[in-house]
Amino acid sequence: MSVRSPLLDLGFVRFGIVGVAATFIHVAVFSLLVEVFGVAPVAASVPAFVTAMFASYGVNHRWTFGAQGSHRVHLPRYAVVALTGLGLNVLITYVVVNLLGYWYGLALAVVVTVVPAATFLLNRNWAFKIAPASAKPGTHQ
């Protein structure tokens, strides 16, 4: 009997493709706001993050996870997962660089390994999880 990692499936590959596309969207919006409209970089990072998050939500909802449920349920959960990923990114960077004193490149290597895996699992198992048919209407897991 072989045990497959939940990360080694087509959904994770699709999630990665969507993540790369969302990164390009983030960079494009950020650069446009800073370079063309003169917005301060920190301020520009917010609409860039939000735009990329909404774009990736739409594609992940249908293509990556094949979700059929309500956007009123999935979108807020997806936003929580995205913000959790952002928080995890900051926490890992702070611990590796500020507390342990290592080079930021090591922090980045940990971030790009841990955060996508964690957010994929959270999205698959919570944000886009389909309630079983036996669940009572109006209840969510």
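The values are calculated or read from the model by the stated rules, or taken from the named source; none is laboratory data. Predicted model only: the values in this text are computed from it and were never measured. Because the Cβ atoms are built from the backbone with ideal geometry, glycine has one as well, and the counts that use them run over all protein chains shown.
Per-residue answers, yes or no, for (1) more than 22 Å from I130 (Cα to Cα); (2) of a type in the set (D, E, K, R); (3) at pLDDT below 95; (4) not in a helix (DSSP H, G or I):
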site	(1), (2), (3), (4)
V13	no, no, yes, no
T23	yes, no, yes, no
V39	yes, no, yes, yes
S45	yes, no, yes, no
A48	yes, no, yes, no
Check your understanding: Before we move on, is G101 part of a loop (DSSP other than H, G, I, E, B), of a type in the set (G, A, S), at pLDDT below 90 and surrounded by fewer than 17 Cβ atoms within 10 Å (Cβ to Cβ)?
Key -> no
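Applying the selection to segment 60-70, what residues are of a type outside the set (G, A, S) and more than 12 Å from N123 (Cβ to Cβ)? Full working, then the answer.
Of the residues in segment 60-70, the ones of a type outside the set (G, A, S) are 60-65, 68.
Those that are of a type outside the set (G, A, S) and more than 12 Å from N123 (Cβ to Cβ): R62, W63, Q68.
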Check your understanding: Among R72, R124, which is crowded, with 18+ Cβ neighbours inside 10 Å, among the charged types (D, E, K, R) and in a helix (DSSP H, G or I)?
Key -> R124
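Being among the hydrophobic types (A, V, I, L, M, F, W, C), over 27 Å from L106 (Cβ atoms), touching a residue at least 24 places away in the same chain (Cβ under 8 Å) and surrounded by 15 or more Cβ atoms within 10 Å (Cβ to Cβ) narrows it down to one residue among A55, A22, A82; which is it? Working first, answer last.
Details: A22 fails: over 27 Å from L106 (Cβ atoms); A82 fails: over 27 Å from L106 (Cβ atoms).
Exactly one of A55, A22, A82 is among the hydrophobic types (A, V, I, L, M, F, W, C), over 27 Å from L106 (Cβ atoms), touching a residue at least 24 places away in the same chain (Cβ under 8 Å) and surrounded by 15 or more Cβ atoms within 10 Å (Cβ to Cβ), namely A55.
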